[in-house]
Amino acid sequence: MSARFACLSDWLAWQETAHPRKIDLTLDRVRAVLARLAPALSGVPVVTVAGTNGKGSTVAFVEAIYRAAGYRTGAYTSPHLLRYNERLRVAGRAVDDAAICAAFERIDVARGDTSLTYFEWGTLAALDVFAAAGCEVLILEVGLGGRLDAVNAVDADVAIITSVDLDHQQFLGNTREAIGAEKAAIARPGRPLVVADPAPPASVIDHAVACGARLWRFGVDYAVEAEAADPGHWVWRAGDVAQRLPAPRLIGAVQRRNAASAVLAAQLLEARVPVSGEALAQGVRAARVSGRFECRGAAPQWVLDVAHNPEAARNLAANLHGQPLPGRTVAVLGMLDDKETSGVLAPLVGLVDGWHVADLDGPRGGAAARLAQALADIGVSQVVTHADVAAACIAAQREARDGGVGRVLVFGSFHTVEQALRGDVLPPAEEGWGL
């Protein structure tokens, strides 16, 4: 059988529309195809990360720790910012087009008449590529929810829930309890479930108890302790075990919580993939992920953040409080139409002095006029609408050149940050950081 397509872009364009529904949550299809594909992953430890926010950062910490320890890692994340290849990393490097296309060809043969969603194709490709590359540890990020997400077709040796808050309610439910139950389903009997949310819904705890998972709760079973005399370090603690670690380069108090969960995951897998204290420290310090309070340049400083739900907006606001700069802050904002606008705007209104709001294209794209109206409804008048993010960034840059602007904040969606990255306005990323 000849390959269906010769290049990655053609494969992806076809996958976007090949399945009747863009999001079609079930494990039946991916399990059936995975059984026929049969990637050689038996015995390879798997860390699965679910949560409303913090998944990408937590994956980055786990990946960096195991890379520092000398293991060949396979990391799967979504969505991507600039290139699909970002979703699949082997030994910290994005997988090339040829390897992904080869995986798609094998999946196409294995699936027979089974139709797959875009995300299911990607998940199966990641597992196939990681097996072919001889990866020694897998770190898999859940795409949506957990219970019926394609990633959950693989049994996690350690499952992590980073946080539980309101997002994707049309698929997961309208309460934290309902959403927590969906995410907790990544847990497996007798295996650890790490819950990083400091106040998890009861549904998470109830599911862990009911399925027989070994529960590890942040603030109860493991914790972060500050070192007042040395803010460049902190202490990870679980019971009587403690480890002094450097501050992550990822900014914000929540990142120490994410790092602490990654360290715990490594400790829980110690018997199978040992990690030294030195590797833990190197990994925590080395972890990078674009678009999470990513700072570029000075006078003004540009901050890129994919925050697109209320909890992420609260974390973003806390980071702005914790990293004050002289001068005004102006924002470039674009959001998808199905996101909770008021809950995202509320934490940031008092921290932003001027707003440039932009249309986002695509079937879920939100209109700048809707964002302007939402800001007007809460008393914000300094708002300029733009046809796209590139135009909004140019306007923000022009405003900064006129003086008085210390920071430009670009946020609201992965799509917003992506379009800003594709433009010509942003300063270059710090070495080793951006895409």
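Stretch A98-A38 to full length: gain in nm at 0.36 nm per residue minus the Cα-Cα span?
19.6 nm
Name the lysines eligible as straight-distance cross-link partners of K22: C-alpha to C-alpha under 18 Å, and not fewer than 8 places from it in the same chain.
Qualifying lysines at Cα under 18 Å: K339.
So which residue, out of G92, G43, G365, gets the largest mean-square fluctuation from a GNM of the chain using Cα contacts under 10 Å as springs?
Taking springs between Cα atoms under 10 Å, the residue moving most is G43.
Take the Cα atoms of segment 385-424, build their convex hull, and give its volume per residue in Å³.
Value for segment 385-424: 73 Å³ per residue.
Could you give the spread of the C-alpha atoms of segment 315-391 along their three principal axes, from largest to smallest, in whole angstroms?
Result, largest extent first: 37, 23, 23 Å.
Which of the listed residues, A279, P310, W355, is farthest toward the dipole's positive end in segment 245-358, when Lys, Arg count +1 and Asp, Glu count -1 at the beta-carbon?
Of the candidates, A279 comes out farthest on the positive side.
With contacts defined as alpha carbon pairs under 8 Å and 6 or more residues apart, what's the relative contact order of the chain in percent?
The value is 15 percent.
What is the spin-label model distance, in nm, from A238 to I23 if the labels are put 7 Å beyond Cα along the C-beta direction?
3.2 nm
Out of the GluC sites (Glu not before Pro) in segment 401-435, which ones are loop residues according to DSSP with at most 12 other C-beta atoms within 10 Å?
E431
With point charges of +1 on the Cβ of Lys and Arg and -1 on the Cβ of Asp and Glu, referenced to the Cα centre of segment 1-151, which listed residue (A3, W14, L82) lies farthest in the positive direction of the dipole?
L82
Based on DSSP, what percent of beta bridges with both residues in segment 60-166 are antiparallel, to the nearest 5?
The antiparallel fraction comes to roughly 55 percent.
Which residue fluctuates most in the GNM of the chain (Cα springs below 10 Å): T58, T117, T162?
For the chain, modelled as a Gaussian network with Cα springs under 10 Å, the answer is T117.
Once you compute Rg and the Kirkwood Rh from C-alpha atoms, what is the Rg to Rh ratio for segment 344-435?
0.96
How large is the Rg to Rh ratio of segment 215-306 when both quantities use alpha carbon positions and Rh follows Kirkwood?
Value, to two decimals: 1.02.
Taking all protein chains in place and a 1.4 Å probe, what share, in percent, of the accessible surface of the chain do carbon and sulfur account for?
With neighbouring chains kept in place, the figure for the chain is 51 percent.
At a Förster radius of 25 Å, what calculated FRET efficiency corresponds to the Cβ-Cβ distance of A91 and S9, to the nearest 0.05?
So, using R0 = 25 Å, E works out to roughly 0.50.
Ignoring ligands, DNA and RNA, what accessible area per residue does the chain give at 1.4 Å, in Å²?
40 Å²
Of the DSSP beta bridges with both residues in the chain, give the percent that are antiparallel, rounding to the nearest 5.
Expressed as a percentage, antiparallel bridges in the chain total about 35.
Put +1 on the Cβ of each Lys and Arg and -1 on the Cβ of each Asp and Glu in the chain; which of A208, G70, V220 then has its Cα farthest toward the positive end of the dipole?
G70
Could you name the lysines in cross-link range of K183, using Cα to Cα under 18 Å and dropping any fewer than eight places away on the same chain?
Leaving aside lysines fewer than 8 places away in the same chain, those within reach of K183 are K55.
Please express the shape of segment 260-326 as an equivalent ellipsoid: the semi-axes are the square roots of 5 times the eigenvalues of the C-alpha gyration tensor, given largest first in whole angstrom.
Calculated on Cα positions only, the semi-axes equal 31, 15, 10 Å.
If you build a Gaussian network model of the chain, linking Cα atoms that sit under 10 Å apart, which residue out of A262, A131, A199 swings the most?
For the chain, modelled as a Gaussian network with Cα springs under 10 Å, the answer is A199.
Note the per residue figure in Å³ for the convex hull of the C-alpha positions in the chain.
Residue-normalised Cα hull volume stands at 141 Å³.
How many percent of all Cα-Cα pairs in segment 162-246 sit more than 21 Å apart?
More than 21 Å apart: 41 percent of the Cα pairs in segment 162-246.
The values are calculated or read from the model by the stated rules, or taken from the named source; none is laboratory data. This structure is a prediction, so every number in the text was calculated from the model and none was measured. Neighbour counts are summed over all protein chains in view; Cβ atoms, including those assigned to glycine, are modelled from backbone coordinates with ideal geometry. Just the protein is used for accessible areas: all its heavy atoms, side chains included, with ligands, DNA and RNA removed. Shrake-Rupley method; radii C 1.70, N 1.55, O 1.52, S 1.80 Å.
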